[in-house]
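As C-alpha cells, the structure follows; a few thoughts come after it.
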Amino acid sequence: MRKNIPHIACLLCLAFGLAACEKIEPDFYDEGANGAYFDYGYASDFERVLNFSDHIVGHPDTVSLPLKVKLLGYLKEEARTLAIKTKPIEGYALADVTIDEVIFSGNEYEKTIDIKVCRPEKEDSTYAVCIYLDGSGDLGTGIAGKDEVNLYVTESYSMPSVWYSHMDTYLGQWTKEKHIFLAQHTGNDQFYATLYDSNLGMHLFDAILALNVSAVNALLAQEPTEPIVVDLPILKESDYPDYHMPYFWTLHEGQLGMYRASKFCRFTTMLGGSNTRDIAALYASEAGQQKMQEEASDFHKDDVLYMLNEYYTYAPQGYPIAEYRNLCWVEMKSNVNYNVRIPYWWDDPNGLGTAAIVKKYFGDYEDEKYQFMLKTMMKDDGADTFIAASILPFMYDTATGTYTWDPTPLGTKELAGEERLKECYRLIKAANDKRPASRRYDIPEVELEN
C-alpha cells in the first residue's frame, strides 16, 4: 500500500492544478438566482474604447458596439425583459448611445445586444458613458462586478506606425485629410495595413505605388468644386506610373500636345515636382507657361516619334489604317525635322515579304529619306488628314498569318492598297527628282502601268 501513496499524491496534485486553470462559470440552473451579467472574463473587457477614426468608410453617424449578456439562474418558458441603462462617468462629457429593448425569449439564456454609439460632436475629445444592468426589469443583476461596462468614445486620428520609408516617398507626409481620403478611396479603414508585410517587416512597394496611381487618378479626374487638400506626390517618369490625363491638361494641350503619363511626369519634374494639391496651379503659373513654351517643340517631336512607334506595333495586330487615326494621331508640320523610325512593313521582322516590295519602290531605308517621304505625302494629302502609315498601305491578315493590301481609301485620290502605294511612289519620286543631284535620295526607277 505504501508503494501507491506517491502515485495517489501526484494524481491529486494534477487534479487540483487542472481545476485552478478552468474558467469559473455561473450555474445556469441555480433556482435561487434570476439575473443577468455581461459575459466577459477579463477586466479589460469592461473598459471599452471606440474610436471613430477606425470607422471612416461611409462616414457612419453611428457604430454598433456588440455586448454579450448571459443569464444566471434557471430557464423559464416565458419571455423576460432585461433593463439596460446608461449613466455618466465623472470627468467626461456624456457619450450618446441608443439601446433597444432587450427581451430574452423562453429558454434563451444568452444573447448579443447592439449598442448604437453616435459619432462625437468634436474631434480629439473623449466622451464616456457607463452601460449598466439596472435590475428593474424581469431579470435582475447576476454577478457583482459584471453588471457595468464603461465606454469611452472619441474621433482622433494619428499616423500609423508603418507610415515611413516607401509610404513617405510615394504617398507623402501623413495628414489626417490624406488618411481619411485614402480610407474612403480604398473602401478600407485600415488601408495602411495592406501596404506592409508584418511577417517580413517590410513595405509592399507595388501596392504602395498602385495606391498612389489610383488615388492621384481619382483626385485629378475632373475639376474639383472645392480646392484639393490632399497632397499626394506626382511621381517621376522612372517609376512608370500609369496616370490618367488630369482634368487641366486640355487647357495646355496646344503647347504640351498629346497626353502621355510619361510626359506628364517628365514635365512636372521639369517644374520642380509637385503634388495633387498644387499641380493645377503650377501648370497655370507664369513659370509653368514659360516652360511649356520652351519645351513645346521637343514635346511635339516626341509625340510624332511616339506615334510612329505605336504604328509599328499596330501593323502586326491586323488594324486597318483607317483605325490608326482613332488609336493615335498627331498632326505633323512641314517645317519640322522629326526623329523617325523604320516602318514595320519596311523592316518586315517576320519575313512576310513586304520589305522586298517596299525596297522595289523606295530602296533601302534611311531616316532622312523617310522624313522626305512623309513631308512629300503630307503636302499632297493635307497635314490635317495625313496618316503616316498610309504611305505603305499593307495590312496583316490574322487569319492566314500573311500580309494583304489595306482596303482603306487614302489620300486626295482616295486610292487603296497597291494603287495607293504606286501613287505615293509617283509623287515622292517626282519630288525627289526635282532636288539637286547632290541632295537626291536613292529611290529606284520603277515603270508604272498607266
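Here are the numbers:
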| item | result |
| --- | --- |
| Percent RCO, i.e. relative contact order, over segment 377-443, from Cα pairs under 8 Å lying at least 6 residues apart | 25 percent |
| FRET efficiency estimate (nearest 0.05) - Cβ-Cβ, M270 to D380, R0 25 angstrom | 0.10 |
| Residue of E237, E310, E226 that the Gaussian network model of the chain assigns the largest fluctuation, springs spanning Cα pairs under 10 Å | E226 |
| Cα-based shape type of segment 56-97, given that a ≥ b ≥ c are square roots of the gyration tensor eigenvalues and the cut on a/c is 1.5 | oblate |
| Accessible carbon and sulfur surface of segment 153-193 relative to its total accessible area, %, 1.4 Å | 49 percent |
| Gain in span if fully extended, E447 to M245, counting 0.36 nm per residue against the direct Cα distance | 67.8 nm |
| Rounded if a/c under 1.5, otherwise prolate or oblate - segment 161-234, Cα gyration tensor axes | prolate |
| Candidates T186, T81, T126, ranked by Gaussian network fluctuation over the chain, Cα under 10 Å, top entry | T81 |
| Max mean-square fluctuation residue, GNM over the chain, Cα-Cα springs under 10 Å, options N212, N34, N335 | N335 |
| Theoretical gain in end-to-end length, Q184 to A210 [0.36 nm per residue, Cα-Cα removed] | 7.8 nm |
| Relative contact order for the chain, counting Cα pairs under 8 Å that sit 6 or more residues apart, in percent | 10 percent |
| DSSP-defined antiparallel bridges as percent of all bridges, the chain, nearest 5 | 80 percent |
| Sites E414 and L327 - FRET efficiency at Förster radius 22 Å, r taken between beta-carbons, to 0.05 | 0.55 |
| Backbone N under 12 Å from the K236 label point (7 Å along Cα→Cβ), restricted to segment 267-303 | 269-270, 273 |
| P(r) histogram, all alpha-carbon pairs of segment 326-365 included - 10 Å bins from 0, percent | 25, 35, 36, 4 |
| Accessible-area ranking of M167, M270, largest first, probe 1.4 Å | M270, M167 |
| Helical mean residue ellipticity (222 nm; -39500 (n - 2.57) per DSSP H run of 4+; nearest 500) of the chain | -10000 deg cm²/dmol |
| Extension reserve of the S161-A296 stretch, reckoned as 0.36 nm per residue once the Cα distance is removed | 44.2 nm |
| Alpha carbon centroid spacing (whole Å) that separates segment 65-80 from segment 375-412 | 82 Å |
| Cα shape, segment 289-448, gyration tensor, a/c 1.5 rule | oblate |
| E78 paired with T169, simple spin-label distance in nm, labels 7 Å along Cα-to-beta-carbon | 7.2 nm |
| Cα-centred dipole magnitude for the chain, charges only on beta-carbon of K, R (+1) and D, E (-1), debye, nearest 20 | 1200 debye |
| Dimensionless Rg ratio for segment 201-249, taking C-alpha atoms and the 2.2 N^0.38 Å reference | 1.26 |
| Relative contact order %, segment 74-201, counting alpha carbon pairs below 8 Å whose residues are six or more apart | 23 percent |
| Long-range tail of P(r) for segment 85-244 (Cα pairs > 18 Å, %) | 70 percent |
| Förster radius 30 Å - calculated FRET efficiency between K116 and N34 (Cβ-Cβ, nearest 0.05) | 0.60 |
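The values are calculated or read from the model by the stated rules, or taken from the named source; none is laboratory data. For clarity, every value in this text was computed on a predicted model and none was experimentally measured. With ideal geometry, Cβ positions are generated from the backbone for all residues, glycine too; neighbour counts draw on all protein chains shown. Only protein heavy atoms, including side chains, enter the accessible area calculation; ligands, DNA and RNA are left aside. Shrake-Rupley method; radii C 1.70, N 1.55, O 1.52, S 1.80 Å.
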